[in-house]
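Right, one structure below, let's go through it.
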């Protein structure tokens with residue numbers, strides 16, 4: 001994900017069509033490094049959010065509002081004094097730089113018309129919002145930068161505004177004009193030895209690695225191959241694709257979209273990302289780049305926030321899983337050591353049978369093995385009689401037999417614990433909000449992994465519910481978000497005649513396809529329910545996942561089994577992918 005120069009070009013294009021000739025009616029500074037400017041246009045009021053946050057600098061139009069502080073910060077008061085009520089004359093972007101200039105015309109204290117600029121620089125931790133006069137002198141900035149902070153450029157009141165130094169790359173739009181008669185000339189600024197995708201974003205300003213990969217994909221070439229290794233026909237395709245990109249940017253033909261994987265936002269771009277039209281990813285096209293940016297970062301923040309809030313649970317589960325895995329490996333090794341136990345029983349039986357033939361003080365005895373009909377040499381302790389040696393082997397056999405029986409039982413318990421913990425990991429991956437974590441915490445507490453909280457018998461209020469999808473044919477399909485929901489969905493909500501789905505032999509959600517008695521269910525409904533079972537499982541990133549499905553009445557829960565654990569003995573299976581884009585999620 002990258003707010004690159006092409007995205008900034010799309011923002012500039014949108015602002016030119018929206019806020020130019022509008023008047024600034026309100027300026028607020030809700031955060032230390034963020035402005036919300038309300039602009040009255042011929043179509044009504046619009047709000048422009050400009051954030052110079054070091055971790056997430058952004059600029060887009062929004063309908064949302066933020067409550068500002070009771071006392072406005074000095075920079076906000078300065079802007080109100082100078083440009084509130086002013087008319088926006090122009091919006092411009094130098095080349096494909098990640099900088100935006102908003103020029104405002106207003107009346108000064110003497111009633112004369114003058115112009116000032118609000119400059120937004122999107123440069124990661126160096127992002128800034130700078131206010132200059134008509135002579136390009138800095139009046140102030142939302143972040144003041146002295147030589148003590150940066151030896152390259154001061155951003156202080158009274159200083160002349162200096163455009164930030166950028167990488168020595170070519171301007172795509174200018175290069176496309178130069179290559180109008182010979183498109184292959186547009187490849188000249190690109191490295192001939194770097195991989196093709198790297199040569200694109202390394203050669204032109206404003207092009208992100210994501211967009212560079214998309215250019216290679218649309219040109220039908222291997223993004224990892226250097227230009228020197230490409231055939232002339234491939235170079236022509238790449239040149240044509242770059243020329244088209246430049247033409248689309250110049251003509252304002254943007255196609256903002258968000259790529260999703262696993263239901264979570266993966267990438268965005270101001271141009272269509274056709275490389276994400278795949279079985280395990282999907283594209284959402286947006287009406288505007290502002291809508292794209294607002295939606296992407298809102299959903300991304302939700303994902304980041306829930307991962308942060310569940311970090312302690314994830315760590316706890318991972319530690320418990322590693323501990324149980326080590327225990328399992330050790331027990332398997334110990335179990336393997338008992339595989340030769342029957343040998344000691346046979347030694348004891350043969351020594352008992354042939355004791356009269358064995359001389360005292362012998363270090364070994366060669367006897368007939370009546371089990372195999374072959375001669376067998378048995379090691380002896382010369383300090384013991386044959387009968388005592390036999391008893392020693394019987395004791396060794398008995399000890400290893402008891403160890404085997406105990407380990408067999410313990411290994412089953414540890415396997416169940418590992419499977420349970422992996423299912424909780426899947427539940428944490430599925431969780432979308434704090435309410436989804438409540439039942440997971442309860443499950444971990446009841447399983448003894450964390451201490452129970454609250455008074456005796458008290459539980460946190462549960463508001464999380466299973467996912468509810470509508471299939472292409474209108475059937476209701478429900479998906480449990482965690483093991484408690486899985487049990488309730490399967491054994492309390494579903495009817496015996498409903499169809500039940502689960503990814504085969506891997507942790508995942510219980511999926512229930514609701515059907516009416518005697519109803520003939522179309523194959524597509526089965527296939528889509530299976531896709532949901534694949535998607536909400538630990539195997540969602542696999543190309544194909546095998547899914548079991550069976551009538552709900554065939555699913556049983558063994559006594560004392562852990563939450564979410566069930567058994568079934570008669571079932572159907574199908575191999576499917578995890579593409580659920582055709583299904584509608586009911587909010």
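The values are calculated or read from the model by the stated rules, or taken from the named source; none is laboratory data. For clarity, every value in this text was computed on a predicted model and none was experimentally measured. Positions of Cβ are generated from backbone atoms using ideal geometry, with glycine treated the same way; all protein chains shown enter the neighbour counts.
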Identify all residues within the range 505-517 that are surrounded by fewer than 20 Cβ atoms within 10 Å (Cβ to Cβ), within 21 Å of residue 538 (Cβ to Cβ) and in contact with a helix residue (DSSP H, G or I) (Cβ under 9 Å, 6 or more places away or on another chain); write none if there are none. 506
Condition met for residue 396 (more than 24 Å from residue 318 (Cα to Cα), crowded, with 16+ Cβ neighbours inside 10 Å and touching a residue at least 24 places away in the same chain (Cβ under 8 Å)): yes
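Let's see how each residue does on (1) assigned by TED's automatic domain parsing to the domain that holds residue 208; (2) surrounded by fewer than 16 Cβ atoms within 10 Å (Cβ to Cβ); (3) closer than 30 Å to residue 11 by Cβ; (4) without any contact (Cβ under 8 Å) to a residue 40 or more places away in the chain:
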| residue | (1), (2), (3), (4) |
| --- | --- |
| 283 | no, no, yes, yes |
| 290 | no, no, yes, no |
| 297 | no, no, yes, no |
| 302 | no, yes, yes, no |
| 308 | no, yes, yes, yes |
| 317 | no, no, no, no |
| 323 | no, yes, no, yes |
| 370 | no, yes, no, yes |
Matching residues in the range 284-293 - criterion: being within 21 Å of the chain's Cα centre (by Cα) and closer than 17 Å to residue 2 by Cβ: 286, 292, 293
With 192, 185 as the choices, which residue is surrounded by fewer than 18 Cβ atoms within 10 Å (Cβ to Cβ) and under 37 Å from the mean Cα position of the chain (by Cα)? 192
Looking at residue 481 and the list (1) in a loop (DSSP other than H, G, I, E, B); (2) out of contact with any strand residue (DSSP E or B) (no Cβ under 7 Å at 6 or more places or on another chain); (3) under 25 Å from residue 318 (Cβ atoms), which single condition is not satisfied? (2)
Which residue pairs have Cβ atoms under 6 Å apart, sit 6 or more places apart or on different chains, and have a first residue in the range 188-208 that is on the phi > 0 side of the Ramachandran plot and in contact (Cβ under 8 Å) with a residue 24 or more places away in the chain and a second that is part of a loop (DSSP other than H, G, I, E, B) and crowded, with 17+ Cβ neighbours inside 10 Å? 206/4; 206/96
Those residues of the range 523-550 which are part of a strand (DSSP E or B) and crowded, with 24+ Cβ neighbours inside 10 Å amount to 537, 545, 547
Selection from the range 73-100 of residues that are crowded, with 17+ Cβ neighbours inside 10 Å and either within 30 Å of residue 168 (Cα to Cα) or touching a helix residue (DSSP H, G or I) at 6+ places or on another chain (Cβ under 9 Å) (or both): 88, 91, 93, 95, 96, 97, 98, 99, 100
Specify which of the listed residues (447, 427, 409) is surrounded by fewer than 14 Cβ atoms within 10 Å (Cβ to Cβ), out of contact with any strand residue (DSSP E or B) (no Cβ under 9 Å at 6 or more places or on another chain) and at pLDDT below 95. 409
Restricting the search to the range 334-364, which residues are more than 26 Å from residue 408 (Cα to Cα) and exposed (fewer than 15 other Cβ atoms within 10 Å of the Cβ)? 353, 356, 357, 359, 360, 361, 363, 364
Please tell me if residue 520 is more than 19 Å from residue 585 (Cβ to Cβ) and surrounded by fewer than 21 Cβ atoms within 10 Å (Cβ to Cβ). yes
Within the range 96-107, is there a residue that is part of a loop (DSSP other than H, G, I, E, B) and modelled with pLDDT of 95 or more? no
Quick check, is residue 338 touching a residue at least 60 places away in the same chain (Cβ under 8 Å), in the same structural domain as residue 397 (by TED's automatic domain parsing) and over 30 Å from residue 432 (Cα atoms)? yes
Within the bounds of the range 21-29, is there any residue that is free of Cβ contacts under 8 Å to residues at least 24 places away in the same chain and either buried (at least 19 other Cβ atoms within 10 Å of the Cβ) or in a loop (DSSP other than H, G, I, E, B) (or both)? no
Identify the residue in the range 229-271 that is free of Cβ contacts under 8 Å to residues at least 40 places away in the same chain and part of a loop (DSSP other than H, G, I, E, B) and, among all such residues, is nearest to residue 294 (Cα to Cα). 255
Cβ pairs under 6 Å, 6+ apart or interchain, first in the range 31-42 and surrounded by fewer than 17 Cβ atoms within 10 Å (Cβ to Cβ), second assigned to a strand (DSSP E or B), ordered by first then second residue, are 40/23; 40/25
Could you list, in sequence order, all residues of the range 553-570 that are modelled with pLDDT under 90 and touching a strand residue (DSSP E or B) at 6+ places or on another chain (Cβ under 7 Å)? 570
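Residues checked against (1) in contact (Cβ under 8 Å) with a residue 60 or more places away in the chain; (2) under 30 Å from residue 276 (Cα atoms):
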position	(1), (2)
507	yes, yes
512	no, yes
519	no, no
531	no, yes
564	yes, no
567	no, no
Among the residues of the range 127-140, is any under 20 Å from residue 54 (Cβ atoms), in a loop (DSSP other than H, G, I, E, B) and touching a strand residue (DSSP E or B) at 6+ places or on another chain (Cβ under 9 Å)? yes
